[in-house]
Amino acid sequence: MACHAGRYREGRPGVLIMREQDWKKATICVQGGYKAGNGEPRVLPVYQSTTYKYDSSEELAKLFDLASDGHMYTRISNPTVAAVEDKIAKLEGGVGAMMTSSGQAASLISVLNIASEGDNFLMMGNLYGGTTNLFLVTMKRMGIEARVVNDSMSDEEILAKVDSRTRLFFGETIANPSLDVFDFDRFVPLAKKAGLPLVIDNTFATPILCNPIKLGADIVIHSTTKYMDGHAMVVGGVIVDGGSFDWEGSGRYPELTEPDESYHGVIYTKQFGRSAYITKARVQLMRDLGSTPQPFAAFLLNIGLETLDLRIRRHSDNALKVAGYLRSRTDLVKSVSYPGLEDSADHDKAMRYLEGGMASGVVSFSMKGGREKAMKFMDSLRMAAIVVHVADARTCVLNPASTTHRQLSDEMLVAAGIDPGFVRLSVGIEDADDIIQDIREALDKCL
Ligand SMILES: *Cc1c(COP(=O)(O)O)cnc(C)c1O
């Protein structure tokens with residue numbers, strides 16, 4: 001009993017009472033976001049409706065003026081989607097969340113919400129390839145400049161990239177595919193010093209292993225397509241607002257602190273307080289851009305979320321065993337990158353920022369013999385599949401040199417920091433012995 005005393009409220013002296021806000025993450029995964037009333041469905045229903053009925057035009061008019069709460073049209077919000085958003089907000093410890101049709105849409109909206117033509121922002125150089133394209137190529141065409149920063153730069157070099165038009169700092173908790181762990185202790189104070197909100201892509205860590213908001217980030221995004229769904233069924237994304245950034249105090253975010261013409265002059269920070277950012281993302285950008293998740297997609301995501309806590313532990317356990325095995329195959333394997341390994345350069349950060357040092361299921365390694373050997377290895381696997389995906393229940397592999405980066409020569413790959421023999425292995429939740437045996441047989445075919 002004593003160990004729970006800090007978590008549960010004391011009712012009568014000596015009697016502890018559990019409140020929903022005391023729930024641990026495994027409980028939120030299963031029970032959060034939806035509560036059945038008397039005689040109502042126990043399972044979150046799919047509200048497959050584009051529209052909502054109101055008794056008077058005045059009530060509807062109030063919704064259009066943002067003067068009252070309620071669903072108006074599914075492009076903007078929907079009860080099934082809202083329940084899953086609530087679950088995710090609770091898992092991340094945020095004030096609100098908004099699901100999007102993909103992880104890409106979440107990254108895009110997280111930036112567009114506070115940056116316009118002529119603005120710029122800082123991005124870590126190790127972001128996911130899709131995010132890097134979006135930020136460096138497509139956003140550039142919108143007139144928004146992403147400025148690349150790295151761990152190896154000094155604080156002065158990073159701060160020198162910040163000017164009066166710099167709007168945010170974007171990083172990944174565990175970068176895909178380098179698996180670098182974000183240095184919160186260094187970059188949180190640096191972002192504060194520069195007066196910038198810190199936006200973190202928490203896809204690989206999931207809210208189970210890391211809560212960036214608790215570590216000082218302001219906004220979190222996810223590609224829910226990966227571990228949160230967990231079964232490779234639905235593409236989706238989410239933005240979570242930590243409610244922590246002082247938009248008014250900063251004076252740099254007129255889109256949040258000055259009247260929005262498209263809502264008769266509403267001022268988001270005045271009307272919505274700590275939820276200003278996520279409210280604007282929904283009522284303005286989701287309304288205008290329409291990157292809307294389908295109610296059925298939210299329903300499927302919710303099923304995945306129910307087992308997230310269980311799965312991510314198994315993924316992490318299995319990946320650690322697989323990384324250890326790969327490490328032992330010095331005959332064919334040049335290097336193994338997995339932050340869960342004790343002698344990994346990022347192990348210290350993994351221990352500090354990831355629950356129990358668990359580092360989720362993705363292991364990167366390089367084959368001796370380059371692109372050719374990597375392809376031979378992958379083609380020889382019998383259980384693990386070659387797919388353009390990571391982070392689901394089934395073990396899968398990808399070799400960037402022969403797929404996503406195949407147009408590049410070996411020299412160009414090395415210049416881009418990718419070893420031609422690099423393999424990204426996404427370790428599933430099958431029995432670890434079977435995964436390792438599959439890898440052993442495939443490696444032996446490469447001898
Ligand atoms: C896959 C991925 C994305 C993009 O998400 P989609 O759902 O594929 O649009 C963004 N960030 C990371 C880290 C990813 O792995």
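The values are calculated or read from the model by the stated rules, or taken from the named source; none is laboratory data. Every value quoted in this text rests on a predicted model; they were computed, and no experiment measured them. Cβ placement follows ideal geometry from the backbone for every residue including glycine, while neighbour counts extend to all protein chains displayed. Accessible surface is based on the protein model in full, side chains and every heavy atom, while ligands, DNA and RNA are left aside. Shrake-Rupley method; radii C 1.70, N 1.55, O 1.52, S 1.80 Å.
I'm trying to understand the selection: among the residues of region 203-228, which are surrounded by fewer than 22 Cβ atoms within 10 Å (Cβ to Cβ) and closer than 19 Å to residue 122 by Cβ? Talk me through it step by step, then tell me what you get.
We begin by selecting, within region 203-228, every residue surrounded by fewer than 22 Cβ atoms within 10 Å (Cβ to Cβ); these are 214-216.
Hits for region 203-228 are 215, 216.
When you go through 90, 62 one by one, which is the residue that is within 30 Å of the chain's Cα centre (by Cα) and of a type in the set (Lys, Arg)? Spell out the reasoning first.
Numbers: 62 fails: within 30 Å of the chain's Cα centre (by Cα).
Going through 90, 62 in turn, just one is within 30 Å of the chain's Cα centre (by Cα) and of a type in the set (Lys, Arg): 90.
Counting just the residues of region 307-350 that are of a type in the set (D, E, K, R) and free of Cβ contacts under 8 Å to residues at least 24 places away in the same chain, which one comes out surrounded by the fewest Cβ atoms within 10 Å (Cβ to Cβ)? Write out each step before concluding.
Keep residues of region 307-350 that are of a type in the set (D, E, K, R), which gives 309, 311, 313-314, 317, 321, 327, 329, 331, 334, 342-343, 346, 348-349.
Applying the additional criterion that residues be free of Cβ contacts under 8 Å to residues at least 24 places away in the same chain yields 327, 342-343, 348.
Numbers: 327: 16, 342: 11, 343: 6, 348: 14.
Checking each candidate, the answer is 343.
Would you mention how many residues in region 171-193 are more than 16 Å from the ligand (Cβ to nearest atom) and either of a type in the set (S, T, N, Q) or in contact (Cβ under 8 Å) with a residue 40 or more places away in the chain (or both)? Lay out the reasoning, then the answer.
Here is the first cut: in region 171-193, the residues more than 16 Å from the ligand (Cβ to nearest atom) are 183-193.
If we keep only those that are either of a type in the set (S, T, N, Q) or in contact (Cβ under 8 Å) with a residue 40 or more places away in the chain (or both) too, we end up with 183-185.
So the answer is 3.
Can you say whether residue 66 is open to solvent by less than 50 Å² (accessible area, probe 1.4 Å), of a type outside the set (D, E, K, R), in contact (Cβ under 8 Å) with a residue 60 or more places away in the chain and more than 30 Å from residue 26 (Cα to Cα), as far as the supplied structure shows?
Working: open to solvent by less than 50 Å² (accessible area, probe 1.4 Å): yes; of a type outside the set (D, E, K, R): yes; in contact (Cβ under 8 Å) with a residue 60 or more places away in the chain: yes; more than 30 Å from residue 26 (Cα to Cα): yes.
Criteria met by residue 66.
Over 19 Å from residue 325 (Cα atoms), of a type in the set (Val, Ile, Thr) and surrounded by 14 or more Cβ atoms within 10 Å (Cβ to Cβ): does that describe residue 439?
So residue 439 fails the test.
If you take the residues of region 177-202 that are open to solvent by 10 Å² or more (accessible area, probe 1.4 Å) and in a loop (DSSP other than H, G, I, E, B), which of them is nearest to residue 298 (Cα to Cα)?
The residue in question is 177.
When you go through (1) in contact with a Pro (Cβ under 6 Å, 6 or more places away or on another chain); (2) buried (at least 19 other Cβ atoms within 10 Å of the Cβ); (3) not aromatic (Phe, Trp, Tyr) one by one for residue 265, which number turns out not to apply?
Evaluating residue 265 over (1) in contact with a Pro (Cβ under 6 Å, 6 or more places away or on another chain); (2) buried (at least 19 other Cβ atoms within 10 Å of the Cβ); (3) not aromatic (Phe, Trp, Tyr) leaves (2) as the failure.
Check whether at least one residue in region 79-86 is part of a helix (DSSP H, G or I), under 25 Å from residue 390 (Cβ atoms), touching a residue at least 24 places away in the same chain (Cβ under 8 Å) and among the small types (Gly, Ala, Ser), and report yes or no.
Filtering region 79-86 down to residues part of a helix (DSSP H, G or I) leaves 79-86.
Now narrow it down to the ones that are under 25 Å from residue 390 (Cβ atoms): 81, 84-85.
Then keep just the ones that are touching a residue at least 24 places away in the same chain (Cβ under 8 Å); that gives 81, 84-85.
Next, from what is left, pick out any that are among the small types (Gly, Ala, Ser): none.
No, the conditions are met nowhere in region 79-86.
Under 8 Å by Cβ, and 6 or more places apart or on different chains, what pairs join a residue from region 101-125 that is modelled with pLDDT under 95 with one that is open to solvent by less than 10 Å² (accessible area, probe 1.4 Å) and more than 8 Å from the ligand (Cβ to nearest atom)?
Listed pairs, sorted by first residue: 125/149.
Residue by residue through region 85-107, note down the ones that are within 16 Å of the ligand (Cβ to nearest atom) and within 19 Å of residue 245 (Cα to Cα).
Matches in region 85-107: 92, 97, 98, 106, 107.
For region 149-170, check the following and say yes or no: at least one residue is within 15 Å of the ligand (Cβ to nearest atom) and not aliphatic (A, V, I, L, M).
Applying the first criterion (within 15 Å of the ligand (Cβ to nearest atom)) to region 149-170 yields 170.
Now restrict to residues that are not aliphatic (A, V, I, L, M): 170.
Yes - at least one qualifying residue is present in region 149-170.
Which numbered condition trips up residue 117, out of (1) open to solvent by 10 Å² or more (accessible area, probe 1.4 Å); (2) more than 30 Å from residue 141 (Cβ to Cβ); (3) of a type in the set (D, E, K, R)?
Result: residue 117 fails condition (2) only.
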